[in-house]
1. For the residues A:229, A:55, what sequence is obtained by ranking on other C-beta atoms within 10 Å, fewest first?
2. Using the Cα centre as the reference, give the magnitude of the dipole from point charges on the C-beta atoms of segment A:160-303 (Lys, Arg: +1; Asp, Glu: -1; all else neutral), rounded to the nearest 20 debye.
3. Hey, got the dipole for chain A? About the Cα centre, +1 on K and R Cβ, -1 on D and E Cβ, debye to the nearest 20?
4. Just check the protein assembly as shown against the gyration tensor rule for me: Cα atoms, a ≥ b ≥ c as the square roots of the eigenvalues, rounded for a/c under 1.5, and otherwise prolate or oblate depending on whether a/b exceeds b/c.
5. Taking a label point 7 Å from the Cα of residue B:131 along the Cα→Cβ vector, which residues of segment B:1-38 have an amide N closer than 18 Å to it?
6. What order do you get for B:161, A:29, A:127 when you list them from fewest to most C-beta neighbours inside 10 Å?
7. Using 16 Å as the cut-off for backbone N distance, which residues of segment B:206-246 belong to the label zone defined by a point 7 Å from the Cα of residue B:159 along Cα→Cβ?
8. Highest GNM mean-square fluctuation, chain B, Cα pairs closer than 10 Å: which of B:210, B:194, B:240?
Amino acid sequence: MKLVAAAAVLAVLIALPFGLSEYYVSLATRMIILALFAMSLDLLLGYAGLASLGHAAFFGVSAYATALLVLRAEWNPWLSLVAGVALAALTGAVYGLLALRARGTYFLMITLALAQVLWGIAFGWRTMTGGDDGLPNVPRPDVVADTVRFYYFTVLIVGLGALVLFRIVRSPFGYALRGIRESETRMLALGYDAWLYKYLAFVLASAFAGLAGSLYAYYNKFVGIDYLHVVRSAEALLMVILGGAGTLVGPALGAALIVILENVISAYTQRWLLVLGAIYVVVTLLAPRGLVGLVLEKWPRSK
Amino acid sequence: MAVWAVHTINGISFGMLLFLLAAGLSLIYGLMKILNLTHGSYYLLAGYIGLSVVRATGSFFLAILAATVAVALLGAAMERFFLRRFHLDELAQTLLTFGFLFMFADLALWIWGGNPQTLPKPAWLSGSVEVGDRVVPLYRFFLIAVGLAVGAFLWWFQEGTRVGAMLRAGVDDEETARALGINVSLLFTLVFALGAFLAALGGVLGGPLLGIYPGADFEVLLLAFVVVIVGGLGSLKGALIGGVLVGLLDNFGKAFFPELAMFTIFVPMAVILAVRPTGLFGRE
């Protein structure tokens, strides 16, 4: 059943560029990249139970690193992408040490503040990062330069990333994370090093967020300070909750839905932010377990 | 010497504004465990409301009165009708208050436009004071005086009044407080209104100094966060000392290392986090 669904999704994704104009292919690319970003946060929120409000830090660090290496150091674009992801994981390794000393609300606040440190650097260090002008003209790798090719490239990379994420959450490691989310003391009593599990989840989530960030830098051919901003972190949180935390599929759908809504609503009104704010409130009030949660309530799994 | 004195006065007066914000954030967290991301919006809305009132009536005092009362009511309404449903659900509270942050920011942009504006100072506070060979606006001293007065009032309120005693009981053990017949639900609304009131006071008082502009809501929210992370959530003393500390760091940082302004605030914060994750005066 699940295999059929996955094959159907893949078939649709492959067929998409044949039926759509370049504009929509580009929009689909954005959805898919942000889906990976949302899924990476779901690993933290949905599985490890860690609500981070600073996930954009890793998205942005990787995007900036990739763009800077390509533009300033004239590195190979593929190598730059890998280096970006590595730097995101490294940043996650450092931030995780600080953030995981706290829990609950403190964790939210600290991840937010730590992300803002990077935002501050990107904003202040004009000579390197371009400040609030950002870094324009980031060239894509030659092979995937045009819209359709870049779309397929994104589908491939995000598909592989999603596959790895699914393997992770279905592995003993993933089940241990869920155990820690439900009852940390019980897992400690069973001999699990809960801190280490959460730490590894944090670093892994940072690396996947970084992969999304570097892809986004190539997608947009631009990197700006909003990549690091807490608005991006909160949007990822919204995507995860809207779709359904702890399902991976849900957050990906949530990401797609938010991108569609933004696109449709912005076409009609200047007041997108007002609508987005209302979406936050409505989702919290009506669908706290997300769309996947709603579906499961209506049609409980028969097996 | 005089330069240092001026920076110190500037830092402390800015710190007092941060104290007003952090105190409300801290009070609300202490009782309800709500991290209110809309707190900066109260500051911004109050600044704009104050601006409209000053333009209409010319009275700074009326501006303070109207803005603080309106925003306190707004805070009470948010608690009653929205946040109450998600008691102790930190994720829901985060999303909800973030949603309100967006909505208020966009509404303010809609109503008052995108250009930065300055609230005019009252005439009797527009003078300045000579410090060595420099001059410091009298308004800065006024801010410090107001901050200390509010601090003293809050301390008296918490330690010396019956409502304050109920508040402390609610913070220490909500269930027992309820069992003893304390109306904790009403207390929640009152404290939320008080927190919004303090942020609003900061907004009107900060208007002449920092200006009112889109994005200010977020800037002050973030600084208030740093204050409570440094000082410790739920501690009034922490909000005051943290506020002054961050105010000073911000001022000296901007003066001496303009490119690294953020660093002078965030690096000490990271160090405190590493040593004492609950802040200087926070509870374990």
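1. Ordered by Cβ neighbours within 10 Å, fewest first: A:229, A:55.
2. Using only the charged Cβ atoms, the result is roughly 400 debye.
3. 780
4. On the way: a/c = 1.78, a/b = 1.45, b/c = 1.23.
Prolate is the answer for the protein assembly as shown, as a/c is 1.5 or above and a/b outweighs b/c.
5. Those under the cut-off are B:1-19.
6. Going from sparsest to densest Cβ surroundings: A:127, B:161, A:29.
7. Output list for this probe position: B:235-241.
8. Maximum fluctuation in the GNM of chain B, among the listed residues, is at B:210.
Any read-out appearing in this document is the output of simple, stated calculations on the displayed coordinates, not a laboratory observation. This is a predicted model, so every value here is computed, not measured. Ideal geometry is used to build each Cβ from the backbone, glycine not excepted, and the neighbour counts take in all protein chains shown.
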